[in-house]
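A.B. asks: One structure is given below, represented as structure tokens, and several questions about it will come after.
The values are calculated or read from the model by the stated rules, or taken from the named source; none is laboratory data. Quick caveat: nothing in here was measured; it's all calculated off a predicted structure. All Cβ positions, glycine included, derive from the backbone under ideal geometry; neighbour counts span all protein chains shown.
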Amino acid sequence: MEDTPIVTSNGLNQSPASPEAGDAVLEIWGKHPLSGHVAISGAKNSALVVLAGTVLSSQPCRLRNIPNLMDVGRMAQVLEALGVKVTRNGSTLDIDPSDISHTRAPYDLVSRLRASFFVIGPLLARMGVARIPLPGGCAIGARPVELHVRGLQALGADVHIDHGTVHASIPGSRRRLQGAKIYLDYPSVGATETLMMAATLAEGETIIDNAAQEPEVADLANFCRAMGARIRGVGTKTLTIAGVPNLHGTDYAIIPDRIEAGTFLVAGAITQSEISLSPVIPEQLGAVIAKLREAGSQVVVETPNRVRLLPGREIHATDIQTLPYPGFPTDMQAQFMALMTLSNGSSMFTETVFENRLRHVAEFNRMGANIRLNGNCAIVQGVPVLSGAPVVATDLRASAALVLAGLAAQGKTVMAGVQHLDRGYEQLEQKLVKLGAHIERVTGDSLPQGAATPASVAFPRG
Ligand code: UD1
């Protein structure tokens, strides 16, 4: 179902890169050195939530630096189902949310992209009602939404769940949500974004305490401010939002993708290659750069938006614990584990953000890695060499991590589950090939007998 091609007129990537992408595999021939420069795309997670945020505006918005990804195409489809007009021209999206005609998001779209649940906040605030199906779990965890729901209730909404759909409405004759003091039990990225967006159009002041501080949350806040929202404390744990009656159109460029940048930095470190990246915002890569340095690479900040990786002679073992920002990002855990499989010692990975995000361990071990799992921890004993093998990507970041391992392995790696890569990386293969990697996307039955096939992979929803 995920790979059904969808033909649309708006120029968005709503189907896999090729009609056969569901069956495609990547063939990666390892041990080819990389060199050169990588152009980093706009941040997927900013693009998704900023697209949802356009629903707050009663006028057209222009969004720039939007990556052409399956997930972005799906979010655009959700908006179109609400009556929003979306047109793509290169990396620029023109969004006209002036005539929203529906307040119900279709289940088949929300179930394929968890982030599309985030339209609940802006839709409720602007239209007074929103009916959004529960997104369900995904390959990396159950991912509940009770923090979103409780926060909307605190803002005065009536919220109930019926037949798998969250029904939210502003009760009585009131037309606006009411400002409130909200404390989040956990600094959830999505809940912070949902509630911040909802509060921009509320009556009075909202304070969100223990808010997520991820750069994509700050990007969304800056986008809302560009539409006329009044938000203080952007980038901190406490957001203060003074509600306004309406928001206007704007022209806004989103930040570069720090996870794509981190993935390429690890590509340099794992292949012992010198590469540079731009545009990036180096401070948003703080934990990743610190860990790369501990692992023996040099990362040089050449200009305010350009970094260069100079690999070390060997990869030093270092422990990783995933945490909310500014801690080490869970979205970089799998890629770093690929690096540590080739380290000179033993490293401990502790995944604290998602409960089921270590499924790539079994695939690394197929390639000759030595990793033991213990609950949410993985103990990685470095090995001198990985060997190419048939592997299956289980989620988006695992797919990138397996490509990285394949680049460093001896011989050929054949990776199934390529559709995960297409969800969240803009032209990863093409960018790597430009650096000198030997990668080819092929369709058909290249997997050997007995190896897992793409059909056996549970796909994530956001
Ligand atoms: C976002 C990112 C994702 C990233 C994650 C953590 C997008 C589209 N996705 O996901 O790439 O990995 O942040 O940095 O921006 N939780 C609850 N109850 C809730 C909400 C969340 O228990 O109501 C839990 C989740 O199950 C998870 C943890 O909180 O274990 C973190 O989730 P959250 O920060 O909300 O991540 P997302 O916004 O879904």
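A.B. asks: Just to be sure, is residue 246 of a type in the set (S, T, N, Q) and within 24 Å of the chain's Cα centre (by Cα)? Explain how you work it out, then say what you get.
C.D. replies: Details: of a type in the set (S, T, N, Q): yes; within 24 Å of the chain's Cα centre (by Cα): no.
Spelling it out, it is not the case that residue 246 is of a type in the set (S, T, N, Q) and within 24 Å of the chain's Cα centre (by Cα).
Yes/no matrix, rows are residues, columns are (1) in a strand (DSSP E or B); (2) outside the structural domain of residue 418 (by TED's automatic domain parsing); (3) at pLDDT 95 or above; (4) within 26 Å of the chain's Cα centre (by Cα):
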site: 300; (1), (2), (3), (4): yes, no, yes, yes
site: 321; (1), (2), (3), (4): yes, no, yes, yes
site: 324; (1), (2), (3), (4): no, no, yes, yes
site: 331; (1), (2), (3), (4): no, no, yes, yes
site: 338; (1), (2), (3), (4): no, no, yes, yes
site: 343; (1), (2), (3), (4): no, no, yes, no
site: 363; (1), (2), (3), (4): no, no, yes, yes
site: 371; (1), (2), (3), (4): yes, no, yes, yes
site: 379; (1), (2), (3), (4): yes, no, yes, yes
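A.B. asks: Which of (1) closer than 15 Å to residue 379 by Cβ; (2) more than 13 Å from the ligand (Cβ to nearest atom); (3) among the charged types (D, E, K, R) is the odd one out, the single condition residue 302 does not satisfy?
C.D. replies: Only one criterion is unmet by residue 302, namely (1).
A.B. asks: Can you go through 414, 457 and tell me which one is buried (at least 16 other Cβ atoms within 10 Å of the Cβ) and at pLDDT 95 or above?
C.D. replies: Details: 457 fails: at pLDDT 95 or above.
When all the criteria are applied, what remains is 414.
A.B. asks: Next question, about the same structure. Residue check, residue 278 against (1) under 30 Å from residue 227 (Cα atoms); (2) within 16 Å of the ligand (Cβ to nearest atom), all met but one. Which one?
C.D. replies: The failed condition is (2).
A.B. asks: Still on this structure, please answer the following. Does any residue of region 241-257 turn out to be surrounded by fewer than 20 Cβ atoms within 10 Å (Cβ to Cβ), assigned to a loop (DSSP other than H, G, I, E, B) and of a type in the set (A, V, I, L, M, F, W, C)?
C.D. replies: So far as region 241-257 goes, yes, one or more of its residues are surrounded by fewer than 20 Cβ atoms within 10 Å (Cβ to Cβ), assigned to a loop (DSSP other than H, G, I, E, B) and of a type in the set (A, V, I, L, M, F, W, C).
A.B. asks: Taking into account only those residues within region 334-363 that are acidic (Asp, Glu) and within 16 Å of the ligand (Cβ to nearest atom), which is nearest to residue 383 (Cα to Cα)?
C.D. replies: We begin by selecting, within region 334-363, every residue acidic (Asp, Glu); these are 351, 355, 363.
Right, trim to within 16 Å of the ligand (Cβ to nearest atom) and you get 351, 355.
Values: 351: 22, 355: 27 Å.
Here the residue is 351.
A.B. asks: Across region 100-129, what is the number of residues that are touching a Lys or Arg at 6+ places or on another chain (Cβ under 8 Å), more than 16 Å from the ligand (Cβ to nearest atom) and not polar (S, T, N, Q)?
C.D. replies: 4
A.B. asks: Among 382, 375, which is out of contact with any Lys or Arg (no Cβ under 9 Å at 6 or more places or on another chain) and within 13 Å of residue 340 (Cα to Cα)?
C.D. replies: Numbers: 375 fails: within 13 Å of residue 340 (Cα to Cα).
After ruling out the rest, the residue left standing is 382.
A.B. asks: Please state which one of 407, 310 is touching a helix residue (DSSP H, G or I) at 6+ places or on another chain (Cβ under 6 Å), modelled with pLDDT of 95 or more and not polar (S, T, N, Q). Full working, then the answer.
C.D. replies: Values: 310 fails: touching a helix residue (DSSP H, G or I) at 6+ places or on another chain (Cβ under 6 Å).
Answer to the selection: 407.
A.B. asks: Now, a different point. Being more than 13 Å from the ligand (Cβ to nearest atom) and among the aliphatic types (A, V, I, L, M) is the filter here; which residues of region 162-196 pass it?
C.D. replies: Step one: filter region 162-196 for residues more than 13 Å from the ligand (Cβ to nearest atom), giving 162-165, 167-181, 183.
Residues satisfying the conditions are 168, 170, 177, 180.
A.B. asks: Can you find even one residue in region 213-228 that is more than 16 Å from the ligand (Cβ to nearest atom), touching a residue at least 60 places away in the same chain (Cβ under 8 Å) and of a type outside the set (D, E, K, R)? Break it down stepwise before answering.
C.D. replies: In the first step, residues of region 213-228 are kept if they are more than 16 Å from the ligand (Cβ to nearest atom); the result is 225-228.
Those left that are additionally touching a residue at least 60 places away in the same chain (Cβ under 8 Å): 227.
From what is left, the residues that are of a type outside the set (D, E, K, R) are 227.
Yes, there is a match, as at least one residue in region 213-228 is more than 16 Å from the ligand (Cβ to nearest atom), touching a residue at least 60 places away in the same chain (Cβ under 8 Å) and of a type outside the set (D, E, K, R).
A.B. asks: Of the conditions (1) surrounded by fewer than 20 Cβ atoms within 10 Å (Cβ to Cβ); (2) at negative phi, residue 295 satisfies every one except a single condition; which number is it?
C.D. replies: The number of the failed condition is (1).
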